Amino acid sequence: MSKKPIKIYQYRLYPTRKQMRKLEQWLTLCCEVYNAALDERKSAYRMAGAFLSYEDQCRELPGCKEVRPDLADVPSQVLQDVVKRLDLAFDAFFRRIENGETPGYPRFKSRFRYHSLTFKQYGNSFKVLEGGKKNRGTLVLAKLGHVKMVMHRAIKGIPKTAIVKRTPTGNWYVSISVELSEQEMQAKGLPVSEEKVGIDVGLKTFAYLSSGEEIANPRFFRTEEAALARAQRKLAKAPKGTKERVHKRKVVARIHERIANRRKTFIEREVSKLIQRFDFLAVEALVVRNMVKNPKLAKSIVDASWSMFFKHLQTKAEEAGRQVVRVNPAYTSQTCSKCGYRQPMPLSVRVYECPQCGLVIHRDHNGSLNILNNALHACGRAGRVIPEVPG
Ligand SMILES: [Zn+2]
């Protein structure tokens with residue numbers, strides 16, 4: 001089953017104090033429903049060996065509202081989505097078991113970690129009003145009313161879902177997803193391209209392209225990491241239970257948010273450039289977490305950036321009809337991209353020198369060429385045939 005390509009618009013929301021109180025209350029209630037539904041599934045299985053489905057649990061919601069009248073304040077579809085989220089968590093759990101992994105059982109959520117509400121069915125549970133001269137847009141939510149929204153760009157197409165979320169610093173945003181039609185896809189006007197590229201994410205540079213170009217790590221990786229470390233030290237020193245500590249925690253949260261925003265901007269820009277140029281993009285299917293071992297690097301930032309980069313690249317490529325191929329990262333740095341010779345390459349060695357064919361090339365450039373070759377090979381396209389390792 002292929003999913004229709006979607007586009008996501010994110011806007012800042014400015015709920016009134018009263019609306020904010022209500023949204024907070026809904027989050028608390030949804031979190032309770034999530035935990036109750038999880039508990040119910042657990043005991044149904046423990047007591048009767050029975051599996052409850054999404055439909056089973058949705059059927060119970062009206063009854064729950066009779067026992068807990070405050071649940072009736074939350075739009076029905078939002079509550080159904082809570083059950084859906086649990087259902088998806090179980091799906092993922094069983095899928096991973098089938099794949100032979102040992103995943104953790106779905107867990108109860110703390111109310112601090114439950115921070116979004118999903119509204120489905122446009123026109124029924126939510127609606128968007130474009131801004132006029134006086135305002136910059138309005139989001140109409142069922143049982144809440146008109147919420148001020150800053151639409152910095154107009155939505156094209158009919159919205160499918162709206163996810164309203166609260167950030168750790170208490171700001172509110174909405175992500176509205178829109179399905180793209182065939183014409184809209186074509187109208188995106190991407191140039192026809194037959195260019196292919198291999199992309200090797202690195203430690204010193206953000207990524208190396210098989211074309212020989214580099215995408216440098218932005219300077220903020222380093223400066224923001226330093227700011228974060230400083231703020232975290234100050235937080236650790238602040239005595240527990242004081243106002244000072246609350247304040248310091250907010251500072252830390254604010255830096256996290258700023259990093260996330262800047263990272264997003266950086267990745268969106270780079271991905272969009274790549275999609276414009278290349279039709280076939282080869283990347284490593286790597287477990288990012290294992291890779292960041294250099295303690296001097298802006299660890300968390302780089303780490304999160306790579307996974308976000310791969311994800312975003314995949315999404316944008318699908319939207320644009322470009323092909324992304326992920327290859328096994330084994331030996332991409334050890335293998336000579338010209339003749340296939342293999343040798344150990346410790347991280348400190350920055351240049352690949354091949355004793356067999358005499359190739360001298362930047363380590364990551366060599367890696368990106370191998371990634372491209374492997375991907376072409378995997379797709380049955382004319383990649384370089386790697387000869388057997390001699391001796
Ligand atoms: Zn060689």
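The values are calculated or read from the model by the stated rules, or taken from the named source; none is laboratory data. This one's a predicted model, so the numbers in the text were calculated from it and none came from an experiment. So basically every Cβ, Gly included, is an ideal-geometry build from the backbone, and we count neighbours across all protein chains shown. The protein model used for the area step is the full one, side chains on, heavy atoms only, and it has no ligands, DNA or RNA in it. Shrake-Rupley method; radii C 1.70, N 1.55, O 1.52, S 1.80 Å.
In sequence order, region 67-83 has phi-based couplings of 6, 10, x, 5, 5, 5, 6, 8, x, 4, 5, 5, 5, 4, 5, 4, 5 Hz under the Karplus curve 6.51 cos²θ - 1.76 cosθ + 1.60, θ = phi - 60°, and Gly or Pro positions carry x. Across every direction, the projection of the convex hull enclosing the Cα atoms of region 122-266 has a mean area of 14.4 nm². Accessible surface computed residue by residue for the chain, with neighbouring protein chains in place and a 1.4 Å probe, gives 58 Å² per residue.
The apolar share of the surface of the chain, taken as the fraction of accessible area on carbon and sulfur atoms (1.4 Å probe, ligands and nucleic acids excluded), comes to 53 percent.
The listed peptides 33-45, 85-97, ordered by packing as a protection proxy, come out as 33-45, 85-97 (highest mean of other Cβ atoms within 10 Å first).
Cross-linked pairs LYS7/LYS65; LYS42/LYS240; LYS120/LYS248; LYS120/LYS240; LYS84/LYS127: Cα-Cα separations exceed 32 Å for LYS7/LYS65; LYS42/LYS240; LYS120/LYS248; LYS120/LYS240.
Can you pull the percent of Cα pairs in region 50-108 with separation above 12 Å?
Every Cα pair in region 50-108 considered, those over 12 Å come to 71 percent.
Using the rule -39500 (n - 2.57) for each DSSP H run of four or more residues, divided by the residues of the chain, the 222 nm mean residue ellipticity is -15000 deg cm²/dmol. Reported value for the chain: 207 Å³ per residue, from the convex hull of its C-alpha atoms. Cysteine residues of the chain whose Cβ has no partner cysteine Cβ closer than 4.7 Å: CYS30, CYS31, CYS58, CYS64, CYS379. Summary of the geometry: region 64-116 and region 120-155, compared by the centres of their Cα atoms, lie 27 Å apart.
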